[in-house]
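Any read-out appearing in this document is the output of simple, stated calculations on the displayed coordinates, not a laboratory observation. None of these values were measured; they are calculated from a predicted model. Positions of Cβ are backbone-derived with ideal geometry, glycine not excepted, and every protein chain shown enters the neighbour counts.
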């Protein structure tokens, strides 16, 4: 099986059961309660207990959502053709917590990078303010440029880090799924790198770039088309809803499936 066949299989995979795709997308709507909180704010509802309940709901649903993602990987590792059921809630919540933990660990360098540049910007800012006061520089412009430059560099480096590390992060989740969801497995970097070597760096990069292009193509062109059509009908919110319920879950399932296949299949087999 070559990379093209893996991509083709993963693209077809969600299409085998659109009902589950839609259910997964509907669940995904509740991974952020920002829309609901905004609705309450616009209508003058400021019940802190209700807002706290929404945030708690968001956390639980997000954990379940990511747990289902890992379940797709698990089934794909066994070469199953069907999408997972939405049962075994406890198992999915347990898997979701583990995915969150792995994600947080991989995010630490990003958080540190942005924080360091933000702090450096703040330190340099005091110097530039003092200099501006005595020399009559345009203080407003200096502050604006300095803050955006410092934090901007941090964000740029963080984006580069994510692009480079993302395939390792995804493979670490697959490796964890392949080892009975043992959390420690996701951090066995040497073993994960050995697995990547058996896959082949060229094959992995080819899959990664292909998947990235597919992600951009589907989200950009199909998403823009959907928003455009519903925008012309003056119901653009419906277009946004369709993207969240159809396109986003489809892409999640694609990545889960394709990452599992690149892990288990011998290229050229």
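Numerical summary
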{"quantity": "Segment residue 164-residue 191, length gained on full extension (0.36 nm per residue, minus Cα span)", "calculated": "7.9 nm"}
{"quantity": "Spin-label pair residue 156/residue 210, simplified geometry with 7 Å Cα→Cβ offset, distance in nm", "calculated": "3.3"}
{"quantity": "Projected label distance in nm at residue 218 and residue 17, using a 7 Å step from Cα toward the beta-carbon", "calculated": "1.7"}
{"quantity": "Neighbour-count order for 9, 95, fewest beta carbons within 10 angstrom listed first", "calculated": "9, 95"}
{"quantity": "Footprinting exposure proxy for 99, 248 (fewest neighbouring C-beta atoms within 10 Å first)", "calculated": "248, 99"}
{"quantity": "Linear extension gain, residue 107 paired with residue 82, 0.36 nm per residue minus alpha-carbon span", "calculated": "5.8 nm"}
{"quantity": "Exposure proxy ranking, count of Cβ atoms within 10 Å, fewest first, for 253, 1", "calculated": "1, 253"}
{"quantity": "Length released on extending from residue 53 to residue 115, taking residue separation times 0.36 nm less the Cα-Cα span", "calculated": "19.3 nm"}
{"quantity": "Calculated FRET efficiency for the pair residue 100/residue 26, C-beta based, R₀ 35 Å, to 0.05", "calculated": "0.95"}
